[in-house]
Amino acid sequence: MDISNLHEPIEARQSELDKSSFVGVMLREARFEDAGLQSVKFDYVNMSDARFSRMNMARAVFDDGLLPGARFMNVNLSGAWFDNVNLAGGAIQNANLSGLSVSNCNIGGLRIDGVLISDALAAYRKTV
């Protein structure tokens, strides 16, 4: 089915729309509930102010995106991989960081429980 130049809401229920394509469309305030979006691709998409809840995004890949001000609450990021990301000015609270590995990172101003990590590393390196 080809829908072009439509300017009214569409409501789809109990439908299979596998391999559908949406190009150049506006979906402001659209709602996807109890939907299967496995292997879907979002490219050049403005999702500012979007809200995701009760979702399974296992193995999702976020590449070359903007997430300033994004909030992750009650989210399982075990095994997540962050490479070349900007977390400047962010905060991590009430998190399980056991087994977390940090390498080749700018840690200027990084504090854990109020301890300046660059100072702690410098003191540690003097003892080894």
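Below are the figures for this structure:
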read-out: Enumeration of residues in segment 95-128 that are of a type in the set (D, E, K, R) and either farther than 25 Å from Ala80 by Cβ or in a helix (DSSP H, G or I) (or both); value: Asp119, Arg125, Lys126
read-out: Close pairs (7 angstrom Cβ cut-off, 6 or more residues apart or separate chains): without any contact (Cβ under 8 Å) to a residue 40 or more places away in the chain in segment 112-128, surrounded by 10 or more Cβ atoms within 10 Å (Cβ to Cβ) and among the basic types (Lys, Arg) anywhere; value: Ile117/Arg111
read-out: Lone qualifier among Val102, Val128 - being surrounded by 10 or more Cβ atoms within 10 Å (Cβ to Cβ), over 30 Å from Ile3 (Cα atoms) and out of contact with any Cys (no Cβ under 7 Å at 6 or more places or on another chain); value: Val102
read-out: Selection from segment 12-28 of residues that are among the basic types (Lys, Arg) and farther than 22 Å from Asn46 by Cβ; value: Arg13, Lys19
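Read the figures in this text as sums done on the coordinates, not as results from a lab. Not measured: the values here are computed from a predicted model. As a convention, Cβ positions derive from the backbone with ideal geometry for all residues, glycine included, and neighbour counts pool all protein chains shown.
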